[in-house]
Amino acid sequence: MRSRSIPMREVHVWELPVRLYHWINALCIVVLCITGYLIGAPLAITTGTEAYHNYWFGTVRFIHFVSAFVFFFNFLFRIYWGFAGNEFSRWYNFIPLKRKQWQEMIDVIKVDVLQTAKKPIDSIGHNALASFIYFVTFLIFLLQSLTGFGMYAAMSNAFLPKLFAWIVPFLGGDIHTRQLHHILMWGFILFSIVHVYLVFYHDYIERRGVTSSMIGGWKFIEEDVIDRNNQSAK
Amino acid sequence: MENKQPSFYEEAKGNGISRKDFLKFCTTMAAMLGLEASGVGQIVKALETKPRLPVIWFHFQECTCCSESFIRASHPIVASIVLDKISLDYQETLMAASGVQAEDAYKAVMAKYPGEYIVMVEGSIPTENEAYCCIGGRSARQILEEAAANAKAVVAWGNCASSGCVQAARPNPTGAKPVHKIISGKPIINVQGCPPIADVMAGVVVHLLTFDRIPQLDGLGRPKAFYSRRVHDTCYRRANFDAGLFVESFDDEGAKRGYCLFKMGCKGPVTYNSCGIIKWNDGISYPIQSGHPCIGCAEEGFWDNGPFYQHLPGVKGFGIETTADKIGVGLGVATAAGIAGHAILTNVRKHREIINAPEPASETQTTKE
């Protein structure tokens, strides 16, 4: 039996609202990508009938629109939580304004991406590179909401979508808005692939229980990492 | 030109149009402009009392299809009243005058009705070298700038004048620009389409005449009455779209049954126009009704957003046939390959770590990563 004993401490990293946000967001993105792709390239599953027998494509679009509203408000909530949540969910984690964050990004690239250096990364929440990537995804969320509701505005009289009507003329028409919306969908898909892989990778290598932390909220962090964090905080 | 201008109605009577036909025309126009019932009376009064609009109609880089569309307006009164009368002043294709006489005609309008006349433009304006389009020894840009300076409003007919159309398609050798990129500080009405629907053109003219102001415009300068709905949202085949019934090829069963042309590259979902409601050629049909996907001729840059028979436009820089989906799948495969390589490297590293870990004998060893 191979075993080892490392002094560790459990840290409550992800509060319940953050975890709920994460899973609602994940579900919305999966549903939105699948329905969105189908809207762009519909399957020939019904044929040889009259239109009044079917409504499947309308239903696909309906699911897409409902998920989009959930996604949007969930996104707004997360922005709010960036100002109300604990130290790991605050906005300043995501925007690299400090030199320290840039240094850590370089370290993460060396240690985890290229695997050329062996050096502990001391972040307890997201590491600096991950945070920055999430910031980029937030920008994509924003663009996707703008373009999506912009296209939706022309067929809605509701207040919220009408707020986005300006984006269509701004981008020079529906066709460009739709093209951008479609390209950004691939951003979501590629992000998801890499994101899921990297969660597995970190759990596999660091063994801090990063996967389950998004379920239970707690991470196992080495005592010395916590000490170093406390020191740098002082 | 006489000082006392006859009204539209007086002209119409002179041309043998009955009172009944005149009222029918007014009612049709009110309906198209989306006015309430009282709007009919306003139109009748305007056409009865107001002198005709002084109009200068320029042809720059274009194919004259807007004029062609206009003179084929479904209602005979449109052609015989609106067109004949407004074209009297200056309309290069239709006027009898030529040369010095023609030049004098439009100069006379500018001198006589400053701030009152309407400039109507068909065609784009070259900017790369202004010599690409000259009339009477002066460039399109010079003529337009001079005429627009004292105009009440500028009407940009068609896609050329509204967004450049085919001349502005890549690589745009003449540096063709639409009216709104040349003229500023004047109300500009973009009447989109290649060509615009004749009844829409007539509607814009009637609106200008009746209300003495430009119609309500959307964010792209188009009259809301005609361009606030997508062709897709007013399409009679829409039920097939919602049902997921699509034409897969032009000869298939779906095409015969009149299914949705979305997968044949129909640009109806991204095109704002009234084709589905007003239709063409006296309300007989429109492209989709004739079995052909909409090519989006009322949208900016529709030539560059091709291919016509592909739903999503090609991605520039990757060849005309490459769509965002092909690039996306390519990147997905590349990402998967990168992940596979990374995973192998990670496992090698992890394996070494386990091998180097202390053997069972030792109890409380601390391994550092």
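None of the figures in this text is laboratory data; all of them are computed from the coordinates on show. Computed from a predicted model, the values in this text were never measured in an experiment. All Cβ positions, glycine included, derive from the backbone under ideal geometry; neighbour counts span all protein chains shown.
For the stretch B:254-271, putting each phi into the Karplus relation 6.51 cos²θ - 1.76 cosθ + 1.60 with θ = phi - 60° gives couplings of x, 5, 5, 7, x, 5, 5, 9, 3, 7, 8, x, 4, 8, x, x, 10, 10 Hz, in residue order, rounded to whole numbers and with x for Gly and Pro. Per-residue extension of 0.36 nm, minus the Cα-Cα distance of residue B:94 and residue B:145, leaves a gain of 16.1 nm for this segment.
Proximity of backbone amide H atoms, modeled 1.01 Å from N, is registered between residue B:285 and B:280 at under 5 Å, excluding neighbours fewer than 5 places apart on the same chain. Select from A:180, A:42, A:138 the residue farthest towards the positive end of the dipole of the stretch A:25-193; place +1 on Cβ of Lys and Arg, -1 on Cβ of Asp and Glu, and compute about the Cα centre. Sorting the options by dipole projection puts first A:138. Qualifying trypsin sites (Lys or Arg not before Pro) in the stretch A:1-33, where qualification requires a DSSP coil assignment and no more than 16 other C-beta atoms within 10 Å, comprise A:2, A:4. Annotation for the stretch B:100-203: GluC sites (Glu not before Pro) lying in DSSP loop with at most 14 further Cβ atoms inside 10 Å of their Cβ are B:116, B:128.
Once you mark the GluC sites (Glu not before Pro) that are in a DSSP loop and have at most 12 other Cβ atoms within 10 Å, what is the longest gap between them in chain A? That would be A:88-234. In this model, which of B:50/B:152; B:45/B:112; B:45/B:186; B:20/B:224 are farther than 20 Å apart at the alpha-carbon? Exceeds cut-off: B:45/B:112; B:45/B:186; B:20/B:224. Here the simple spin-label model places points 7 Å from the Cα toward Cβ, and for residue A:84 and residue A:59 these points are separated by 3.6 nm. Spin-label model, residue B:343 to residue A:192: label points 7 Å out along the Cα-to-beta-carbon direction sit 1.7 nm apart.
A compact globular protein would have a Cα radius of gyration near 2.2 N^0.38 Å; the ratio found for the stretch A:25-193 is 1.28. Taking the C-alpha atoms only, the angle from helix B:99-112 to the longest principal axis of chain B is near 90 degrees. When each of B:322, B:271 is scored by the number of other beta-carbon atoms lying within 10 Å, the sequence from fewest to most is B:322, B:271. Sparse packing (at most 14 other Cβ atoms within 10 Å of the Cβ) combined with a DSSP loop state is found for the following trypsin sites (Lys or Arg not before Pro) in the stretch B:276-352: B:316. By how many degrees, 0 to 90 and rounded to 10, does the Cα axis of helix B:198-211 deviate from the longest principal axis of chain B? On a 0 to 90 degree scale, this one is about 60. For chain B, the mean residue ellipticity at 222 nm estimated from helices alone is -11000 deg cm²/dmol, where every DSSP H run of n ≥ 4 contributes -39500 (n - 2.57) and the total is divided by all residues, rounded to the nearest 500. Computed across the stretch B:229-313, the Kirkwood radius stands at 12.7 Å (inverse of mean 1/r, all Cα pairs).
Would you mind checking B:107/B:279; A:110/A:234; B:24/B:177 for any pair whose Cα atoms are more than 31 angstrom apart? Going by Cα-Cα distance, B:107/B:279; B:24/B:177 fall outside the 31 Å limit.
Counting only whole DSSP H helices of chain A, the ones at least 18 Å long by C-alpha along their axis and with mean Kyte-Doolittle hydropathy no lower than 0.0 are A:16-40, A:56-84, A:128-153, A:174-206. A compact globular protein would have a Cα radius of gyration near 2.2 N^0.38 Å; the ratio found for chain B is 1.40. Of the residues B:127, B:174, B:346, the one that moves most in a GNM of chain B with alpha-carbon contacts below 10 Å is B:346. Excluding same-chain neighbours fewer than eight residues apart, the aspartates and glutamates reachable from residue A:118 by a Cα-Cα span under 18 Å are A:104, A:107, A:203, A:206, A:222, A:224, B:353, B:369. If the elastic network links every pair of Cα atoms under 10 Å, which of A:26, A:154, A:51 fluctuates the most in the Gaussian network model of chain A? Result for chain A, Cα springs under 10 Å: A:51 fluctuates most. Against chain B, whose longest principal axis comes from its Cα atoms, helix B:19-32 is set at around 20 degrees. GNM on chain B, alpha-carbon springs under 10 angstrom: the most fluctuating residue among B:221, B:244, B:291 is B:244. Taking only the C-alpha atoms of the protein assembly as shown, Rg followed by Dmax gives 32.2, 116 Å.
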